[in-house]
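Structure record follows, encoded as structure tokens.
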Amino acid sequence: MSDHATAPVTEPVTEPVTDPATSATESARREPLPGAAGSADGGAHDDKPYAGYLLGLADDAMVYAQRLGEWMTNAPQIEEDMALGNVALDLLGQARGLYPYIGSIDGTGRGEDDYAMLRDEREWRNVHLVEQERGDFADEMARLLWFSAYQVELHAGLTDSSDDIVAGVAGKALKEVRYHLDHASLWVVRLGDGTDESHARMQAALERVLPQLAELFDDDEASVLAAGLGVGVLPSTLHDAVVARVARVVEQATLTLPDGSRWRSRGGRSGIHSRPMGSLLAELQHIARSHPGATW
Amino acid sequence: MYGNDVIDPNEPLNAAETDAYEAAAEHDDQRDTVGDDFDALIAADQRIEPRDAMPDTYRETLIRQIAQHAHSEIIGMQPEGNWITRAPSLRRKAILIAKVQDEAGHGLYLYSAAETLGIDRQELLDRLHDGKQKYSSIFNYPTLTWADCGAIGWLVDGAAIMNQVPLCRCSYGPYARAMIRVCKEESFHQRQGFEILWNLMRGTEAQRAMAQDAADRWWWPALAMFGPPDTGDAAAKGGHTEQSMAWGIKRFANDDLRQKFVDMMVPQAEKLGIVLPDPQLRWNDERGHYDFGEIDWDEFWQVLRGDGPCNAERITHRRRAHDEGAWVREAANAYAAKHATTAEESAA
């Protein structure tokens, strides 16, 4: 991340990046991928039955990268075209870090493009939050604030994963998502404490994003299993820390954290998605699917 | 890089990989011998810096040229930017995002270089949005297939680099320094375009047809990027070339750069297996250059006047993004002003 555009916010809203956490990534990469050899026989790995959990993490990052990519040439200023492009690239990198590993432990041997380009909607495991259509800039900052706060807590937890590769990917991702959180926080504060119009728009965006949040903290079957093995983090345990992070930003922004919502999105982790997902996949996949077997 | 013995990764693919770039990038900008007189600096081939006195027409020419260049980078994000969501693999998607980001960055460098001449970015953007300043006409052509991303990188970025390497020695220091960095990044872009086409030409029949079709559509507009003829009979007709050369802004005639570009691209097309859409294209032993056919200058002027396939679309998109973001920029300014006041009060 390179860009914190326009006016600086004097007090950093999030803590500075202090933990490089690169050693885990490097040691994980030096060793052969566990299970990589075993995937040739086509059998799933009973000792690593948590591919479904990792697929949720990878798909969240992949789908949000796709949405953020839509901002390029559409952002409020050129600096923001670059910044949102950076966030998209980081998330895309996180997904690309996980997909081949998932392919090695789910017994299919699939590569990153098999996951991204050739799966139908019911096979995707991302939450509804990331698949929603691009709204206005306040909507995006509300989504990025919540999602990056969630990812900061998630990846901080995953750096202690009993799976070295997961810990390695999380160590690298943690550095990135701290910047994403910083970037979103700075904007939410500027918009909340900017003009009357921006305040109203930011408040409305915080309310619109509300129905998509509970799903981030749902303990679905795959995460219960992964957490039980010490590989994953139980989503419900992240809730309070994430809300606390967001609440601090919202308060500094002179906004109000809305409470409660009648509708709560659900089902993303088991492949039940909302209407925008089909169109997103059509756009993401159509060229790759139009040329079966082609390389690019 | 390409995993084969046909393409030598050390062989230059564009002008930024030649000695001309190295020489321009190392061009001596020490100026301790001739003082700060404009004419003396120009005569000594030394750089003019923002605080130096300069003729108004020199300043205006540079503002127009640098702004047009900056606008081209920003408008140039659109034809490829609309492929980000559709890139056919994750690797291609990542490269394309990075490339479009680079273009935004180039736009920012260039607006900053223009600002050293006493104008601000907002004023320049207003002139773009109002149609008072232009951007490169090449971006008024559509990107119809994925192969167009390859053709833009290979041909359009290749032509842009050919134009820009001499600008690394431009007499105006901030512009020259921006160009040194821009050319280095453009060189990567040109290579990625070549690599897209290389893979397509070694792919399925449909992929090869896609690559050939893109080259067919982009070849002539790329040649027109060097601008109208300005040598031989055309030299007498005027235009900007003569004055810009005297001021050390422009170093080579449009026609000379175009010829260098053709000479560089023809062997690359052969390596790719792409047939360039010009039946008159052949090596001329006597001249030591490739001969090529006549460019359709009527089309060039038509697109330049605003009547090309995408002129309206590009400006409408740009204006919409700018207008939709107005409330965000106002909020950022209001926040900054509010907190600057608070800081002053607490200091007092």
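Derivation of every value follows stated rules applied to the coordinates shown; laboratory data play no part. Since this is a predicted model, take the numbers as computed values, not measurements. In this analysis, Cβ positions are derived from the backbone assuming ideal geometry, glycine residues included, and neighbour counts consider all displayed protein chains.
Quick one: Karplus J couplings for the range B:45-54, per residue in order, coefficients 6.51, -1.76, 1.60, θ = phi - 60°, nearest Hz, x for Gly and Pro?
For the range B:45-54, the Karplus curve yields 6, 10, 8, 8, 10, x, 8, 5, 5, 8 Hz.
For the range A:88-96, in order, what is each residue's ³J(HN,Hα) by Karplus, 6.51 cos²θ - 1.76 cosθ + 1.60 with θ = phi - 60°, in whole Hz (x at glycine and Pro)?
Once rounded to whole Hz, the list reads 4, 5, 4, 5, 4, x, 5, 5, 5.
Calculate, axis by axis, the spread of Cα positions in the range B:76-139 along the three principal axes, and write the results as whole Å, longest axis first.
Each principal axis gives a Cα extent; for the range B:76-139 these are 44, 22, 17 Å.
Quick one: what do you get for the range B:253-308 if you divide its Cα Rg by 2.2 N^0.38 Å? It would help to have the intermediate numbers written out before the result.
On the way: Rg = 13.4 Å, N = 56, 2.2 N^0.38 = 10.2 Å.
With N residues counted in the range B:253-308, Rg over 2.2 N^0.38 Å equals 1.32.
Which length gain, in nm to one decimal place, applies between B:Q280 and B:N333 when the Cα-Cα distance is subtracted from 0.36 nm times their residue separation?
Fully extending the segment from B:Q280 to B:N333 adds 13.4 nm.
For B:Y172, list long-range residues whose amide hydrogen, built 1.01 Å from N in the peptide plane, is under 5 Å from its own amide hydrogen.
Residues meeting the criterion, in which the H sits 1.01 Å from N, are B:I48.
Quantify how much of the Cα-Cα distance distribution of the range A:51-290 extends past 32 Å, in percent. Don't jump to the answer; show the numbers that get you there.
Values: 4423 of 28680 pairs.
Considering the range A:51-290, 15 percent of its Cα-Cα pairs are separated by more than 32 Å.
Would you pull out the residues with amide H under 5 Å of B:H289's amide H, same chain only if 5 or more places away, H placed 1.01 Å from N?
Those lying under 5 Å, H to H, from B:H289 are B:N284.
Within the range A:185-292, report the chymotrypsin sites (Phe, Trp or Tyr not before Pro) that DSSP leaves as loop and that have at most 16 other Cβ atoms within 10 Å.
Working: sites: A:W187, A:F217, A:W263; in loops: A:W263.
Qualifying residues, ordered by number: A:W263.
Treating cross-link reach as a plain straight distance, find the lysines whose alpha-carbon is under 29 Å from the alpha-carbon of B:K250, omitting any fewer than eight places away in the same chain.
Cross-link targets: B:K99, B:K132, B:K134, B:K184, B:K237, B:K260.
Along the range B:38-44, what does the Karplus equation 6.51 cos²θ - 1.76 cosθ + 1.60 (θ = phi - 60°) give for ³J(HN,Hα), rounded to whole Hz, x for Gly and Pro?
4, 5, 5, 5, 4, 4, 8
Is it possible to state the helix-based mean residue ellipticity at 222 nm for the protein assembly as shown, with each DSSP H run of 4+ residues giving -39500 (n - 2.57), the sum divided by total residues, to the nearest 500 deg cm²/dmol? What is it? Kindly include the intermediate steps, with their values, before the conclusion.
Values: 26 runs with 374 residues, N = 644.
Taking each H run of at least 4 residues, the total per residue is -19000 deg cm²/dmol.
Calculate, for B:E270 and B:M245, the FRET efficiency according to 1/(1 + (r/R0)^6) with r their C-beta to C-beta distance and R0 30 Å; round to the nearest 0.05.
Numbers: r = 34 Å, r/R0 = 1.12.
According to the calculation, E is roughly 0.35.
Based on Cβ point charges of +1 for Lys and Arg and -1 for Asp and Glu, what charge dipole magnitude is obtained for the protein assembly as shown about its Cα centre, in debye rounded to the nearest 20? Mind showing how you got there, number by number?
Details: 62 positive and 104 negative charges, 201 e Å.
Dipole about the Cα centre, nearest 20: 960 debye.
Per the Debye formula with a single identical scatterer at each Cα and no solvent contribution, what log10 I(q)/I(0) holds for the range A:96-234 at q = 0.15, 0.21 Å⁻¹?
Computed log10 I(q)/I(0) values: -0.88, -1.35.
Using only the Cα atoms of the range A:186-268, each taken as one equal point scatterer with no solvent, compute I(q) by the Debye sum, divide by I(0), and report log10 of the ratio at q = 0.15, 0.17 Å⁻¹.
Summing over Cα pairs of the range A:186-268 leads to -0.64, -0.76.
What FRET efficiency do you get for B:A347 and B:R51 if R0 is 30 Å and r is their Cβ-Cβ distance, rounded to the nearest 0.05?
On the way: r = 31 Å, r/R0 = 1.02.
Using R0 = 30 Å, I get an efficiency of 0.45.
Averaging sequence separations of C-alpha pairs under 8 Å and six or more residues apart, then dividing by the length of the range A:71-184, give the relative contact order as a whole percent. Numbers along the way, then the final one.
On the way: 75 pairs, mean separation 25.2, N = 114.
Reported relative contact order: 22 percent.
With labels modelled as points extended 7 Å from the Cα through the Cβ direction, what inter-label distance (nm, one decimal) is found for B:A209 paired with B:D37?
Distance between label points: 6.8 nm.
Counting other C-beta atoms within 10 Å, and keeping those with at most 13, which DSSP coil GluC sites (Glu not before Pro) do you find in the range B:137-211?
Numbers: sites: B:E185, B:E186, B:E195, B:E205; in loops: none.
Passing sites in the range B:137-211 do not exist.
For the range B:112-263, what is the per residue volume of the convex hull drawn over the alpha-carbon atoms, in cubic angstrom?
Numbers: hull volume 19.6 nm³, N = 152.
Residue-normalised Cα hull volume stands at 129 Å³.
So what's chain B giving for Cα Rg divided by 2.2 N^0.38 Å, two decimals? Show your work: numbers first, answer last.
Details: Rg = 21.6 Å, N = 348, 2.2 N^0.38 = 20.3 Å.
Here the Cα radius of gyration is 1.06 times the empirical estimate.
Could you tell me which trypsin sites (Lys or Arg not before Pro) in the range B:25-108 are loop residues by DSSP with no more than 14 other beta carbons within 10 angstrom of their beta carbon? Can you show the working numbers first?
Working: sites: B:R31, B:R47, B:R51, B:R59, B:R64, B:R86, B:R91, B:R92, B:K93, B:K99; in loops: B:R31, B:R47, B:R51.
Qualifying residues, ordered by number: B:R51.
Taking the radius of gyration and the Kirkwood hydrodynamic radius from Cα positions alone, what is the Rg/Rh ratio for the protein assembly as shown, to two decimal places? Can you show the working numbers first?
Values: Rg = 26.8 Å, Rh = 26.9 Å.
Ratio of gyration radius to Kirkwood radius for the protein assembly as shown: 1.00.
Can you tell me, using C-alpha contacts under 8 Å and at least 6 residues apart, the relative contact order of the range B:118-185 as a whole percent? Write down the numbers at each step before the final one.
Numbers: 23 pairs, mean separation 11.0, N = 68.
Once divided by the residue count of the range B:118-185, the mean separation gives 16 percent.
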